[in-house]
1. Counting each DSSP H run of 4 or more residues in the protein assembly as shown as -39500 (n - 2.57), what helix-only mean residue ellipticity at 222 nm follows after dividing by all residues, to the nearest 500 deg cm²/dmol?
2. Lys and Arg at +1, Asp and Glu at -1: add these up for the other residues within a Cβ distance under 15 Å of A:Y96 and post the number.
3. Counting DSSP beta bridges with both partners in the protein assembly as shown, what percentage is antiparallel, nearest 5?
4. Post the alpha-carbon centroid distance, the range B:244-318 to the range A:93-163, in whole angstrom.
5. In peptide C:146-155, what is the residue-averaged number of other protein chain Cβ atoms found within 10 Å of each Cβ?
6. At C:D132 and A:M165, where each label point lies 7 Å from the Cα along Cα→Cβ, what is the point-to-point distance in nanometres?
7. Which one of A:I254, A:L190, A:S292 is farthest out on the positive end of the charge dipole of the range A:104-328, using unit charges on Cβ (Lys, Arg +1; Asp, Glu -1) and the Cα centre as origin?
8. Under a Cβ-Cβ cut-off of 13 Å, what is the net charge of the residues other than C:L136 that fall near it, where Lys and Arg count +1 and Asp and Glu count -1?
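Derivation of every value follows stated rules applied to the coordinates shown; laboratory data play no part. Computed from a predicted structure; not experimentally measured. Please note: Cβ atoms are built from the backbone with ideal geometry, for glycine as well, and neighbour counts cover all protein chains shown.
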Amino acid sequence: MAGFALRRVAGLVLVLLTVCAATFAIFYLLPSDPALQACGKSCTTERIAELHRQMGLDKPVWQQFADYLGGIVGGRTIGTGDLAVRCGFPCFGFSYQADRPVWDLMVDRLPTTASIAAGAAVLWLVIGLSVGIGSALRKGSGLDRSLMAATLTAASLPVFFTGLMALYLVVQVAGLLPFPTYVDFGDDPLGWARNLILPWIVLALLYAAMYARLSRSSMIETLSEPYIRTARAKGLPERVVVIKHGLRSALTPIVTVFGMDLGTLLGGAIITESVFGLPGIGQLTIDAINKSDQPVVMGVALLAAFFITLFTVLVDLLYAVVDPRVRVS
Amino acid sequence: MSLLEVRDLRVTFTTGRGALRAVDGLSFTLDRGRTLSIVGESGSGKSVSSLAIMGLHRDAAVEGSIEVDGVQVVGAPADQVRRMRGRRMAMVFQDPLSSLHPAYAVGEQIAEAYRLHFGAGRRAARLRAAEVLGEVGIPDPKRRLAEYPHQFSGGMRQRVMIAMALACEPELLIADEPTTALDVTVQAQILELIARVQQDHGLAVLMITHDLGVVARAADEVLIMYAGAAVEHGPALTVFAEPRHPYTRGLLNCLPRLDGDAEAALIPIPGNPPSLLSPPDGCRFHPRCAERQERLPCAVSRPLLPQPGPAHRAACHLLEETR
Amino acid sequence: MTAPLLEVAGLAKTFPAGRRRVIQAVDGVDLTVHAGETLGLVGESGCGKSTTGRMLVRLLDPSAGRITFAGQDITHLGQRRMRPLRRELQMIFQDPFSSLNPRHTVGEIIGTPLRILRPEVDERAAVRQMLDRVGLAAEHIDRYPHQFSGGQAQRIGIARALITEPRLVVADEPVSALDVSIQAQIINLLAELRRDLGLSYVFIAHDLAVVRQVCTRIAVMYLGRVVEVADREQLYTAPAHPYTQALLSAVPVPDPLVERTRTRIVLSGDPPNPADPPSGCAFRPRCPKAADLCRVERPELVRTSRGVVACHFPEPAIPSGYEGP
């Protein structure tokens, strides 16, 4: 088991290195020159060369990449002479726009994104699984058919539509809730929830629909397994058959998808954040792309890759706990 | 009184193409300590009948009467039948690997029924699980309680299934093709095991199988099913020695056997079993029957197994007892 | 004696099984098939009989060994050079439904090999003729597999294999998925086709009673190796290998009088796991006659006075289990 975990973590590091190299390569190949932007209107060739030196862009590419990696692991000093700045661990470089370490920017924004993702995840799991399992148990009934029609509708509505509709109806017309802003959970838990409830519902609606469909088919498949018949033949009450014997197996594919979805969302719920104007990682990404703020784009790309791979590894480890067949082989 | 009394059992499924009567008027009794084999090909209704006895049909209409030790199963409250399942009557299925839950240790799978039916604590249930595992011949049972189904071999898994069935000391054991998924050398072990536990506990065993060899080895009585109904019923010895129904004769003739004449061609039964959505009029076997006669109403009226009747009886217009 | 149609020497197949482990599914199999004969390949699950069968028709590539078909070494022939031989080497599979494409009509299923391998032939006419040959009606040509019963579907599988007029057909458990009453129809059909078309079969099965009915010579496999080869008469009346003996003794005879009086050798345990084979003779842990020698030295398949058998202590006389007719 320990060896298994170790191999998975090693795999994670390898994936991150690859993503790192890939993003680095893409930016290196891009025609845009950050020095040119930083230089402004009254630019001279000397000034650009100066900036190149300061930004370390005069070094060979592999050297730049090594510096970048070194910075992530142990921090580094960027620039030379009087203009040198210390960028502490973990250093993802400096934002050209904000003139702050990328890491600090991401740390500022992460609680917002994490709050959106976590709250929505709880909602969509509860709703999606209950609808899916309920439907599976009454397969073919009127309830099943109407629930599945509803999920199909919900799954086909894009977040920018449902989000704007929710804002208009709930905030603008009914005035039930304030326009969402981010309030720190530590400062005011109630305000935190009040402000996030709309984004949660909007985001969860989409995912709950997909999870309902996924859990329904997974549950239907599991309930037709011979071992479910065995459980019934033992005289177990239907509740035990469905939950202990059925759900246990039916959850496996859901856990996989859930890990990936959560990882992806932590890398920035871009549309939701934009619609509700919440300052999360997704907003940071959009701003950085618009302003060609390379170090920030690289930083958020790595952060997203980190979360996705991390949750994939966590799911794998969870599998080993849940499924004895994985553990033994 | 017999332990199991089935009278005029009918099981009907509703399909997209109409009603499908998988079992149409099945009657038999089974006493403690005896083995009855229900034999038939796929679609004959043998497995459907066994699931009906266990009350395991969820979307089929079950009619007629099934009494287990005097308690009616058909139409009884679901919870009452559930309490009998695993306790009074237990079942062993064909494929032990898919019939065991892959994610629970075998000890837990055996113990949970014992806890449920006897209100036993975890410790007592564990002890009971180890006890039955030992009884079915699994070495070092205490240690193996914590292992998972995939860690057992095919034959050992079927022993686990049998242990699970025995855990609550049932009186009726239904074995649905218990050796079909197993290798022939392992099949012999499992049949011996079932015979042994039957003797030790005085079980009534209902053995569902398509394999006449298994019947010859294990059964006291045989009931041959064709297209949802019994065509012949009697003591195993006489059914094999003097089969009365043309279908039974056909089955025995078309079967390759180790002691037969390998040079002679087999005599197959022509055609295919009928669709139960639109069974033929008259005797359901008559379109394939080599012995049908124009003077008899084979194509018109359906011969029924006489109830009651002689110990060895068949449902065929050729026979005195049916007419 | 003429050269054998198919000759196999030292055939082996390993499958990877996780990190740095392999499963030796087939481990040095020697076989010959003569023109017109039916060679039975019997054994229990995991003994490598199906893997062997698939290698014979080059559906699987052997890890080692040599396959000679009609005097030509076909072990390493590429796709292109194998193509003319595909016509002569065909296979029939166990599950007729999963081995027939549900979206193709019977005409397409049977006609496709013809179009690829014998384009000169009038496809539709040939298919109709073949349908008639295997006992189906010519009007079945435009139907789909799901419209047929199991026995009829297997007839389609047989027609698909025979349409190219092969010389050797490997049939992998062709009747084990069928009901008894249908089994006999297919067994008789296969025998009839062999006689009329001059075919040779390699018949893979676990049911010894079926094998006895169909095969003229039989090879018994255990854990990837052939443990005994004999003519039908000899194998069934005087098996030399203790495993063959036990196997025969375990097959129930559909006659309670015989069943209740015969003495049986009931083996303990299950067939071993090919990923973790025992030392020496693979049958040793279950063998009633196992001795120290069996633990140390693996017996080779050799011709002895008791036939071709891989055992240190072959049965000397008539077995105590089943007495022949």
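1. Details: 36 runs with 437 residues, N = 977.
Calculated at 222 nm, the ellipticity per residue is -14000 deg cm²/dmol.
2. Its environment carries a net charge of -3.
3. Around 60 percent of the beta bridges assigned by DSSP in the protein assembly as shown are antiparallel ones.
4. Cα centroid of the range B:244-318 versus Cα centroid of the range A:93-163: 63 Å apart.
5. Counting Cβ atoms of other protein chains within 10 Å of each residue's Cβ and averaging gives 1.
6. Output for this residue pair reads 6.6 nm.
7. The residue sitting farthest along the positive end of the dipole is A:I254.
8. Net local charge, C:L136 excluded: +2.
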